[in-house]
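First up is the structure itself, then whatever we jot down about it.
The values are calculated or read from the model by the stated rules, or taken from the named source; none is laboratory data. Since the model is a prediction, treat every value here as computed from it, not as a measurement. For neighbour counting, all protein chains shown are included, and Cβ atoms are generated from backbone atoms with ideal geometry for every residue, glycine included. Please note that ligands, DNA and RNA were not included when accessible areas were found on the heavy atoms of the full protein model with its side chains. Shrake-Rupley method; radii C 1.70, N 1.55, O 1.52, S 1.80 Å.
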Amino acid sequence: MEGETSWNSHCADDMSKDIGEFDSFSELSDEGNKETIISVDSILPDDLLERILAYLPIASIFRAGSVCRRWHEIVSSKRFLWNFSHVLSQKPWYFMFTSSDEPVGYAYDPILRKWYSIELPCIQTPNWFIASSCGLVCFMDNDSRSELHVCNPITKICKKLQEPPGMKFSDYSALSLSVSRTSHNYTISIVKSKQVPGNFLQWDLSIHIYDSETMMWATSLTEVLTGWRGGDESVICDGVLYFLIYSTGVGTPENRHSLVTYNLSSRSSPLIRSLIPVPGPLTCGRLMNLKGKLVMVGGIGKPDRPDIIKGIGIWVLNGRNWVEVGRMPHKFFQGFGELDDVFASSGTDNLIYIQSYGAPALLVFDMNQKLWKWSLKCPVSKKFPLQLFTGFCFEPRLEIAP
């Protein structure tokens, strides 16, 4: 099928495009016009070949490992992984689930504009909570919300974490992951929210933090919110945990959502003092960390009907103020067909992916170029009216492990 490639396949056409240009060259010998073929591979030292291979897209690196024993040993070496991690960063991929029951799907590579059929480790169903950062992905089950795994989806290396503290079977949970690009240590946060029995306005909220260095969980905060509840959106940027809270019925439509900031070092409270209003009535908000900046993709509600989406905007938080950096052109908004008031969106580096739950169409926004572009069509089609699609963004990296 066009655009689809098995992750383990070794495509000769792609190899010729990616590495064929420096694989060999020809020269004329001094004796007559006899042509001699000289392989560049045979004259390049290992360190130079490593540097050349490190600039390939990550999918081509996997194929390069099957060319010969020497290349396989090079792309598997620790020195190559170090070189690979210090060249230009790979653009983030997007994994799209294509089943409502099984965690199967395709990963989109925006560099080669191809979809790869890959298997995700650890996760059991697509409705698990998912967070990603710097090549690692964290999965948390959607039932007890106590089973967590951290994995590298490219290398399939996976680690199961100990059960987090706090309430089980919370009404709402928000998962986030932050990985240090230097030490590769990581922090996981879970914001849990549960209604106080018999009180519609009050909600118990707790924040739990996991540190990969100590391999320990700690309950960082417990608090009771009045008029607000937690949700399922959170992200960590530069040591600060951001998460959205939702009005329980008190206030104007403009105040249906609000942003909480929580410094993971100072751990200030109460949370209500740190609230930042969202930029107007939103049908939903999606938070992401793009190069250390907090970015929100939100569904813009109609002024008289804030629950009905009329467009999608992108904002960057500057201090305590939101700065709009993009708004989806109407032709792309219409291209989704019937877009629900909620949708999937995630991003990293300088790319943002937006996906409707009702179709496999995937839209990409480049923050640097302010460019909107459809991805190559996903090699799956909608088979029945109620079929849902969702996904998540992650960085493809080889050198990082949980």
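Observations, loosely collected:
- All C-alpha pair distances within segment 353-402, sorted into 10 Å bins from zero, spread as 20, 40, 28, 11, 0 percent across the bins.
- In nm, spacing of pseudo-spin labels at Lys291 and Asp307 (7 Å Cα→C-beta vector): 4.0
- On a per residue basis, segment 89-394 carries 43 Å² of accessible surface, using protein heavy atoms and a 1.4 Å probe.
- Computing FRET efficiency as 1/(1 + (r/R0)^6) for Tyr357 and Glu223, where r is the C-beta to C-beta distance and R0 is 45 Å, gives about 0.90.
- Difference of contour (0.36 nm per residue) and Cα-Cα distance, Arg51 to Arg79: 9.1 nm
- Global geometry of segment 44-84, whether rounded, prolate or oblate, following the gyration tensor of its Cα atoms and the 1.5 cut on a/c: rounded
- Two-site FRET efficiency, Leu371 against Thr125, from Cβ-Cβ distance with R₀ of 30 Å, rounded to 0.05: 0.30
- Carbon + sulfur, % of accessible area of segment 44-84 - ligands and nucleic acids excluded, 1.4 Å: 58
- Under 14 Å from the Asn142 label point (7 Å along Cα→beta-carbon), backbone N, segment 148-184: 172-175
- Separation of the His72 and Lys168 label points, Cα + 7 Å toward Cβ, nm: 4.6
- Surface composition of segment 89-394: carbon plus sulfur atoms hold 50% of the accessible area, using a 1.4 angstrom probe and ignoring ligands, DNA and RNA.
- Ranked by the mean number of other Cβ atoms within 10 Å per residue, highest first, peptides 111-119, 271-279, 226-234 order as 226-234, 111-119, 271-279.
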